[in-house]
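The values are calculated or read from the model by the stated rules, or taken from the named source; none is laboratory data. Because the structure is a prediction, the values reported are computed rather than measured. Cβ atoms come from the backbone with ideal geometry, glycine included; neighbour counts cover every protein chain shown. For accessibility, only protein heavy atoms count, side chains too; no ligands or nucleic acids. Shrake-Rupley method; radii C 1.70, N 1.55, O 1.52, S 1.80 Å.
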Amino acid sequence: MGKTGVTLITTVLNEQNSIHEFLKSYTQQSKKANEFIIVDGGSKDKTCEIIKQFVQSSGMPLKLVVKKGNRSYGRNTAIKLASNDIIACSDVGCVLDSHWIERITAPFSNKKIDVVSGFYYPRANSILEKCISVYTCVMPDRLSEDTYLPSSRSIAFRKSAWEGVGGYPEELDTCEDLVFAKRLKRANYKFKLVKNAVV
């Protein structure tokens, strides 16, 4: 059994244009994770170099692991390495609200809660992107704790729940996080929706 703290995990692959903004949003958290693990799937650009430079300049404790594979493999690798019982997961390309870690992990004070569903807002730069986001994202007025499947851009769960469903499905390259969430629901793990845990 791991520690009762929080491990933040994410994966990267050729994210040199977005990794800095993600890391910066982490440094601005009202509550930091006890551990931060990034798994790189084999970037060919300067992603790893940027992460190492950021860690050196900020003094931020972070474990960078290079393991070639898809997102599911990367997440499973990070979770296996995690030394804490609570796993918080987001995606590079997102920007974490400054209270995200604090809010998405707060419900675990209730030992009956296994999974916390956070929320996410699309970043749209044009009218077309705004229109598309209505069809590709869940709108806030449609959120229901019973039916909402959290994306792994904003989710937290107990390591025991991840183990209970066999981890993320490594055979899938798309929608793997929704399949993972659906398996957690089918296994009757207790979910809690936190609408203001936003990325």
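Scaled to the compact-protein estimate 2.2 N^0.38 Å, what is the alpha-carbon radius of gyration of the range 1-114, rounded to two decimal places?
Ratio of Cα Rg to 2.2 N^0.38 Å: 1.03.
In Å², and per residue, what accessible area does the chain have when probed at 1.4 Å with the other protein chains present? Show your work: numbers first, answer last.
On the way: 10410 Å² over 199 residues.
It amounts to 52 Å² per residue over the chain.
Using each residue's phi in the range 154-164, evaluate 6.51 cos²θ - 1.76 cosθ + 1.60 at θ = phi - 60° and report the 3J(HN,Hα) Karplus result to the nearest Hz, with x for Gly and Pro.
7, 8, 9, 7, 6, 4, 5, 5, 4, 5, x
Have a look at S117, S151, S43 and tell me which one the Gaussian network model of the chain (Cα, springs below 10 Å) gives the largest fluctuation.
Greatest mean-square fluctuation among the candidates belongs to S43.
Could you size up the charge dipole of the range 72-173 around its Cα centre, putting +1 on the beta carbon of Lys and Arg and -1 on that of Asp and Glu, and report it in debye to the nearest 20?
That gives a dipole near 220 debye.
On the protein heavy atoms, probe 1.4 angstrom, tell me the percent of accessible surface of the range 139-199 carried by carbon and sulfur.
Values: 1470 of 3200 Å².
Percent of accessible area from carbon and sulfur atoms in the range 139-199: 46.
Please report, as a whole percent, how much of the solvent-accessible surface of the range 1-130 comes from carbon and sulfur atoms (probe radius 1.4 Å).
Within the range 1-130, the accessible surface is 50 percent carbon and sulfur.
Could you tally the net charge around L8, taking each other residue with its Cβ under 11 Å from the Cβ of L8, Lys/Arg +1 and Asp/Glu -1? Walk me through the numbers on the way to the answer.
Numbers: positive: K31, K32, K63; negative: E35.
Here the count lands on +2.
What is the spread of the Cα atoms of the chain along each of their three principal axes, largest first, in whole Å?
For the chain, the Cα extents along the three principal axes come out at 49, 42, 36 Å.
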